[in-house]
Amino acid sequence: MSKSDALYLLLGPEEGQKDAFVERLIAGISKRIGQAPDIHRFYSFDSDLPEVLVTLRNGTLFSPYRVVLLRNVELLSNKKDLDQLAEYAAAPAAESTLVMLSEEIGRIDKRLEKLVPKENKVIFWELFQNQKMGWILNYLKKRNVRIEPQAAEFLLEMVENNTKELRETCEKLIIFFGDGSEIGYEDVENILYHSKDENVFTLFDKISARDLEASLEVLSKLLLSGNADPVGLLAGLLFQVRRLMSLKLLVEKRYSYEEAFPRAKITGKRVQKIYAEAAHRYTLQELQAVIRLIARFDYRVRSLGAALHPDLLQLFLYYLIVKGGSGTFRF
């Protein structure tokens with residue numbers, strides 16, 4: 001592969017399109033070399049850069065080509081790391097491609113950006129709301145599944161981030177209801193908040209009740225299932241806590257719950273009940289502290305090894321539910 005194809009930098013919050021780009025890149029390499037390349041995945045907060053570079057330079061007996069995916073590169077700011085990357089970029093391995101990824105856009109070190117050819121730096125912006133609606137309708141239509149407009153709008157409200165999450169949720173709906181089905185509002189609500197499969201929404205349900213034991217049980221099931229990416233989990237909880245704080249602010253301004261729910265974009269009787277109970281159990285000061293707590297633990301899970309993530313998430317739930325986001329802790 002040419003030197004210009006040795007390094008890529010993929011930025012932005014739209015993980016679905018980013019994943020599709022990587023899949024096309026790997027498919028093109030596979031076609032060129034006549035077999036699938038070795039794929040190696042690293043995270044900047046959990047890997048030493050020398051290990052990444054050794055993987056790029058050293059081949060294996062099983063494939064003549066290597067693709068290395070290095071995520072969270074917004075954390076690469078150490079001069080020594082950047083110097084080593086610059087040295088590699090000047091003379092990259094002939095049979096390797098390094099793909100650096102980040103959900104961030106403005107936090108990438110300028111030296112790192114300059115190492116990548118301009119045409120290989122791609123920003124994946126989040127879709128507009130109307131584009132997401134079209135994406136859901138088209139995705140389900142291809143699978144011969146219809147969804148009521150209110151149900152689709154609720155899905156967009158609850159699954160906020162990107163088409164990757166939308167695809168995963170749509171696949172759950174398709175598997176559960178089957179081809180040729182028509183999905184209503186209550187169907188989506190049941191899948192998100194009352195599914196047998198635990199997710200960030202069922203976890204928030206237990207957090208809303210300030211039930212530490214039940215919250216830890218949901219977290220344990222998530223960890224065992226492999227569906228507890230710490231960064232994604234914290235992002236999902238942040239989205240819901242911010243929505244809860246919007247509701248709490250409206251209620252404290254003397255809005256009734258009936259008036260406050262549509263303003264906070266909280267729809268559906270069951271979901272409204274969860275948020276109303278949470279608004280009674282958490283003070284505004286606690287919710288503000290919880291948002292700061294999420295930011296602190298987000299930094300920690302990004303900077304500490306994966307082996308510590310279960311303990312960190314359990315500690316996080318304790319400080320959220322029992323301490324209301326406050327307290328002094330060291331880790």
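Brief remarks follow.
- Qualifying residue in the stretch 255-262 (condition: in contact (Cβ under 8 Å) with a residue 24 or more places away in the chain and either buried (at least 21 other Cβ atoms within 10 Å of the Cβ) or at positive phi (or both)): no
- Test: residue in the stretch 32-47 that is at pLDDT below 90, within 23 Å of the chain's Cα centre (by Cα) and among the acidic types (Asp, Glu): yes
- Residue ID - nearest to Glu213 (Cα to Cα), chosen from residues in the stretch 300-331 that are among the aromatic types (Phe, Trp, Tyr) and modelled with pLDDT of 80 or more: Tyr318
- Flag if Gly28 is part of a helix (DSSP H, G or I) and buried (at least 17 other Cβ atoms within 10 Å of the Cβ): no
- Meets criteria (surrounded by fewer than 15 Cβ atoms within 10 Å (Cβ to Cβ) and of a type in the set (S, T, N, Q)) for Thr267: no
- Residues that are part of a helix (DSSP H, G or I), in contact with a Phe, Trp or Tyr (Cβ under 6 Å, 6 or more places away or on another chain) and loosely packed, with under 15 Cβ neighbours inside 10 Å occur at least once in the stretch 136-151.
- Considering the stretch 173-197, and only residues there that are at pLDDT below 80 and part of a helix (DSSP H, G or I), the residue that is farthest from Leu137 (Cα to Cα) turns out to be Tyr193.
- Checked across the stretch 270-287, the condition of being under 20 Å from Ile191 (Cα atoms), out of contact with any Asp or Glu (no Cβ under 8 Å at 6 or more places or on another chain) and crowded, with 20+ Cβ neighbours inside 10 Å holds for at least one residue.
- Check on Lys114, touching a helix residue (DSSP H, G or I) at 6+ places or on another chain (Cβ under 9 Å), farther than 18 Å from Gln17 by Cβ, in a helix (DSSP H, G or I) and at pLDDT 90 or above: yes
- When the test is whether a residue is within 15 Å of Glu157 (Cβ to Cβ), assigned to a helix (DSSP H, G or I) and either outside the structural domain of Ala279 (by TED's automatic domain parsing) or at pLDDT 85 or above (or both), Leu247 passes it.
- Taking each residue of the stretch 100-125 that is in the same structural domain as Leu7 (by TED's automatic domain parsing) and closer than 21 Å to Arg66 by Cα and looking for partners that are acidic (Asp, Glu) and buried (at least 18 other Cβ atoms within 10 Å of the Cβ) with beta-carbon atoms closer than 8 Å, six or more apart or interchain, yields Ser102/Glu74.
- Among the residues of the stretch 281-331, the ones that are acidic (Asp, Glu) and over 24 Å from the mean Cα position of the chain (by Cα) come to 1 in all.
- Hits in the stretch 4-18 - residues which are in contact with a Ser or Thr (Cβ under 9 Å, 6 or more places away or on another chain) and either closer than 24 Å to Thr163 by Cβ or buried (at least 18 other Cβ atoms within 10 Å of the Cβ) (or both): Ala6, Leu7, Tyr8, Leu9, Leu10, Leu11, Gly12, Glu14, Glu15, Gly16, Gln17
- Taken together, Ala235, Ala276, Ala260 contain a single residue that is in a helix (DSSP H, G or I), modelled with pLDDT under 90, of a type in the set (Gly, Ala, Ser) and under 18 Å from Met158 (Cα atoms), which is Ala235.
- Selection over the stretch 88-111 of residues that are assigned to a helix (DSSP H, G or I) and closer than 27 Å to Asn162 by Cβ gives a count of 1.
- The stretch 31-63, subset surrounded by 11 or more Cβ atoms within 10 Å (Cβ to Cβ) and among the aromatic types (Phe, Trp, Tyr), residue nearest to Lys79 (Cα to Cα): Phe45
The values are calculated or read from the model by the stated rules, or taken from the named source; none is laboratory data. Treat the numbers as computed from the prediction; the structure is a model and nothing was measured. Cβ coordinates were reconstructed from backbone atoms using ideal geometry, including for glycine residues, and neighbour counts include every protein chain displayed.
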